[in-house]
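Take a look at the structure below.
The values are calculated or read from the model by the stated rules, or taken from the named source; none is laboratory data. Remember, it's a predicted structure, so these values are computed and weren't measured experimentally. We place every Cβ from the backbone using ideal geometry, glycine too, and count neighbours over all the protein chains shown.
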Amino acid sequence: MSTTALALVAAAATDVGRVRRGNEDAYLVAPPVYAIADGMGGHRGGAEAAGLAMQTLASRAPDLVSADGEALVEALVDANRAILLAADEDDALRGMATTCTAALVRGRVACIAHVGDSRAYLLRGGRLAQLTDDHSVVAQLVRQGQLSPEAAAVHPGRSVVYRALGTEPDVQVDTREVVLDAGDRLLLCSDGLSNMLADGEIAAVLREVAETGLAVEALVARANEAGGADNITAVLVDVQGETQREAVP
């Protein structure tokens, strides 16, 4: 008799892009936690905020092995406190903030926690679905029917966010759970990728490039080819099926 279990293979890539002088993105691959952050507030402040978010999640990762989505949210709340405290202690860091999109994968369930305009996507059966809502002014206008998706894609203010870690003492974290299947590809990325590549282009790369590490490198390369207007970061988690045979008594 045999049963099917899931195995995860993850890879990440980040690049400064073709316009920015420094990289204010950060990422984390610390199973069962995967995350990305896109810092704001000048190079030092943005990099510091993103780094603090990832450090906080990394410190919580061992405890999250047996936790749930609520614990992941608390980790983001703790990161928010850490960023605010660091800004209070150093005038040069005042105003820093960061997006954060994180996934806690336990068994077949991926718990997504999200603040800002970085994104989580799921590719299943060749079709790409966005799992998160952007906390940006332009995305809100689209949701309200005041702006078309086509206009939003080229809007000069599309990267202006209204929610991030480090801006307010109380942060609202969006959550979502997804039951994973073998063959799924879970992608976390900064807007330096999603602003450069349409969803169809992202899906095409994920369909065409099977190897996990090569796929994230291809996504970053395509975003640079499209202009590389911002830092580019991607974390890809591939869900693979394994057959486990039970011992015969």
Just one listed residue, out of ALA182, ALA151, ALA203, is in a loop (DSSP other than H, G, I, E, B) and of a type in the set (Gly, Ala, Ser), and it is ALA182
Looking only at region 109-132, count how many residues are assigned to a loop (DSSP other than H, G, I, E, B) and closer than 19 Å to ALA234 by Cβ.
6
In the set SER159, SER190, SER194, the lone residue that is closer than 24 Å to ARG81 by Cβ, polar (S, T, N, Q) and surrounded by 14 or more Cβ atoms within 10 Å (Cβ to Cβ) is SER190
May I ask you to say which residue of SER66, SER159 is modelled with pLDDT under 90, among the polar types (S, T, N, Q), over 18 Å from GLN172 (Cα atoms) and under 18 Å from the mean Cα position of the chain (by Cα)?
SER159
The lone exception for VAL77 - which of (1) without any contact (Cβ under 8 Å) to a residue 60 or more places away in the chain; (2) over 22 Å from ASN231 (Cα atoms); (3) of a type in the set (Val, Ile, Thr) it fails
(1)
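Okay, residues lined up against (1) closer than 30 Å to MET196 by Cα; (2) touching a residue at least 12 places away in the same chain (Cβ under 8 Å); (3) surrounded by fewer than 24 Cβ atoms within 10 Å (Cβ to Cβ); (4) of a type in the set (A, V, I, L, M):
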site: LEU64; (1), (2), (3), (4): no, yes, yes, yes
site: ILE83; (1), (2), (3), (4): yes, yes, no, yes
site: ASP88; (1), (2), (3), (4): no, no, yes, no
site: ASP91; (1), (2), (3), (4): no, no, yes, no
site: ALA97; (1), (2), (3), (4): yes, yes, no, yes
site: THR101; (1), (2), (3), (4): yes, yes, no, no
site: ARG124; (1), (2), (3), (4): yes, yes, yes, no
Give me the residue from region 9-27 that is surrounded by fewer than 17 Cβ atoms within 10 Å (Cβ to Cβ) and under 19 Å from GLU217 (Cβ atoms) and, out of that set, nearest to the chain's Cα centre (by Cα).
VAL9
Can you tell me how many residues within region 227-242 are assigned to a strand (DSSP E or B) and crowded, with 17+ Cβ neighbours inside 10 Å?
8
Return the pair list, or none, for Cβ contacts closer than 9 Å from residues in region 138-153 that are within 18 Å of MET196 (Cα to Cα) to residues that are at pLDDT 75 or above and hydroxyl-bearing (Ser, Thr, Tyr), at least 6 apart or on different chains.
ALA152/SER136
Scan region 96-125 residue by residue and report those that are touching a Ser or Thr at 6+ places or on another chain (Cβ under 9 Å) and more than 14 Å from ILE36 (Cα to Cα).
ARG106, CYS111
Can you tell me which residues in region 1-51 are within 19 Å of VAL77 (Cβ to Cβ), without any contact (Cβ under 8 Å) to a residue 60 or more places away in the chain, part of a helix (DSSP H, G or I) and aliphatic (A, V, I, L, M)?
ALA50
Pairs returned, first residue in region 204-228 that is of a type in the set (Asp, Glu), second residue that is modelled with pLDDT of 95 or more and crowded, with 16+ Cβ neighbours inside 10 Å, beta-carbon separation under 7 angstrom, 6 or more apart or interchain, are GLU217/ALA13
